[in-house]
Each structure stands twice: as C-alpha cells, then as structure tokens.
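Read-outs throughout are calculated quantities, based only on the coordinates presented, and are distinct from any laboratory measurement. The shown structure was predicted, so the numbers you read here are calculated from the model rather than taken from an experiment. Virtual Cβ from ideal backbone geometry, glycine too; neighbours counted across all protein chains shown.
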Amino acid sequence: MRSLSRPDYPIPTLVESGVGGEKRNAHRAAYSAEGTVPDKFEDHWNKPDVRGLLHAMQGHVCAYCGLEERTLDVEHFRPKGAVYGEDDTPGYWWLAYEASNYFFGCPACNQKRKSKKFPLLANATRITYETRERLPQEERVLLDPVKDAPVEKWFHLEWNDPTCKLLPAPGLDASDESRIEDVIDFFNLNMDAVVRRRRSAAYEKAVRTAELGNWKEVRRLAMRHYEHSFIARFVLLELRQVLPTPEEEAEDLAGHLWDDMREQVAEILNLRQRGKAPARQDLRQLESYGWALVVLQNQVQGDVVGELLARRLGAEQDPGVREEILKLFRKLCVGVQ
Ligand SMILES: [Zn+2]
C-alpha cells in the first residue's frame, strides 16, 4: 500500500469539452431524462493524457501491491459497472470518466484480486447516483491511496520478519484493525510470493542504506515511484529523518520518465530507420510520457521539473532524438528550449 497525491491538472480527455467529459455529461443527462444507466463504456481512460496523469502520480508502481511493472492497467477504484456479487445494481457508472476514480494497478491486482469487487463494511449502504454527495462517507473496506494517505496511519511493519510482514498500525480501534486485516488479505499482501520477495529486497536495501548513513539515498527510495517505497518511508519515520519533499519527488520522477521517453523515442527512430512503422501502442506510450512530464511540471512549486527538462534536452547528443522530443513537446505545448 502507498501514499499518493493526485495532480490537479486539467487533462484534455477529461475536461468538460473532452471526449471523456462529454461521455460523462451524456450519461448523467440520459439518467436525469430517462432514468437509464449506461451498459457500455467507451475506453477513454487509456488515452495518453490520462495514462500520463497516472504516470505523474505513480511512475510505474501499482497503487495496491507496490510492485513496479512495465504493464499497468488503468483501474477504476469504484467499479464503473455492476459490483461483484450485485448484478442487479448498476455500480458507480457516473465515476467512469472521473480522474479521481483512476489508479494504475498491476495486472494481478486489477484483473485477479480486485476486478469488479468493491467491498463495504458490514451493514454499510452502497452509494448510488442519487446519494453521490455522500460518497466521501461511504464505509468502504479498501483504502484509497490518495484520500487515505499517509499509509502509516493504517499500517505497521513487522521489522523482525525478513519479508516485512504488514500489520495494522498500533492504536487503531478494533473495527479499523479488522478493516486493515481485510485489506491485507484482499490484495494478498502477506502471502503473495512475488510481493513478499520484492518487499524483502526493498527492506534489505533501505536498511543497508540507512546503516551507511546515506540518508539522501533512503529519501530517494522513499519516493512514491520506487517499488515498495513505503518501506524506506517507514525507515525514515522510525529513525526520525525527514521525508522527501514534493519537489524532490517530482524532479526525480521526471528524470525517470525522461529516460523512459528517450528510450521510446530511440526505439521508434530505430524502427523507422529500418523502414518499419512503429506500433500505435508505442506512439501512444511515448505521448503518455510527454503528458506525465507536462503534469509534473505543473504540479510543484518553482520550476525544478522545467529546469530538469531543459538540462536533459541540452545534454542530448543524438540530434534525431532531440528533434523528436521537441516535436512531441511542441504538440503538447511545452515550452522547453
Ligand atoms: Zn499490484
């Protein structure tokens, strides 16, 4: 589990006049006029700007299990269609095109563990379109990594266990404690072999780096776009060290996304040189990295991200790559020279 903050950036797909925004309004108008709820949803949540927004929030890390994956699904936190086990209810259709309802989830969390499930606490009432004003009070089991941040409010680590078993935080009342146990079970966080092995590696690394007194590096490992970053976050808190600032996180993440973008550009140019057309998916992925950088540049105080982009562009040795990146930035209206 992790702590995230959602960038407040009006991406074109989801603003009122965007394709997603128009769908959202059309669904609501149809419901108000005829009481009909949509039974089909066009996929606008995989548009490059939407994926870019999520890359700016999470890098390549799953919102739930904390693993870094190259393949990430855009996950509706509250299911857009019928909730699992409740086929006769319409689900949270009005949130299908809301950025606040999206996270990147790894295929295992999205498709296997979560899918259409959205459990509520015992005897809680599911919110409907009519009662949507009370959505923040809905008594859900799953934690929202943005709204329920920070993660240490809910979880604690068993330090003596090499896999860093997750436990409910001390001091929670009995119902919250049982809720957190349910969350741990739901995502299989203490049982999944891959999650445990990689969490154990993150623990080893964070502790070894802290022992060396390299706090700058521990702070880096605690940034939201590193795998199992909450381990390093816990290490910093436990040892009363400062956490990374939003500016530091944005700059570091922008550096990673720049590298991803550059790699994608080089691959596309390589294909073209060999007379092959790049796959549409590759072009869309490239554009999503561009959007992520736009979002990051607008997310934090000062211009640390803009300066990083200018530095990286200035250092680019390959004129072809440089030209492609400039072309992308022009398309997205980013002023970097
Ligand atoms: Zn996952």
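Quick notes on this one:
- For segment 246-331, convex hull volume per residue from C-alpha positions, Å³: 83
- Considering only Pro136, Pro244, Pro90, the Gaussian network model of the chain with Cα springs below 10 Å gives its largest mean-square fluctuation to Pro136.
- Percent of alpha-carbon pairs separated by more than 39 Å within the chain: 18
- Inter-part distance where segment 60-105 and segment 119-153 are each reduced to a Cα centre, Å: 14
- Unit charges on C-beta of K, R, D, E only; dipole of the chain, Debye: 720
- In a fully extended conformation the segment linking Asp87 and Leu172 would gain 27.2 nm over its present Cα-Cα distance, using 0.36 nm per residue.
- The GluC sites (Glu not before Pro) of segment 235-293 include none that meets both conditions, a loop assignment by DSSP and at most 12 other Cβ atoms within 10 Å of the site Cβ.
- Considering only Asp282, Asp88, Asp259, the mean-square fluctuation computed in a Gaussian network model of the chain, springs between alpha carbons under 10 angstrom, is largest for Asp88.
- Residues considered: Glu139, Glu42, Glu152. Largest GNM mean-square fluctuation over the chain, using C-alpha springs under 10 Å, is found at Glu42.
- Backbone amide hydrogens, once placed in the peptide plane, bring Cys65 within less than 5 Å of Cys106, excluding anything fewer than 5 places away on its chain.
- Residues of segment 295-337 falling in the label zone of Ala266, defined by backbone nitrogen less than 17 Å from a point 7 Å along Cα to beta-carbon, are 312-326.
- Helical content of the chain, expressed as a calculated mean residue ellipticity at 222 nm, amounts to -14500 deg cm²/dmol (DSSP H runs of 4 or more residues, -39,500 (n - 2.57) each, divided by residue number, nearest 500).
- Compactness ratio for segment 15-79: Cα radius of gyration over 2.2 N^0.38 Å (N = residue count) comes to 1.37.
- Among 96-102, 55-61, sorting by the average number of other beta carbon atoms lying within 10 angstrom of each residue, highest first, gives 55-61, 96-102.
- Net length gained if the chain between Lys40 and Arg208 were fully extended (0.36 nm per residue, minus Cα distance): 55.4 nm
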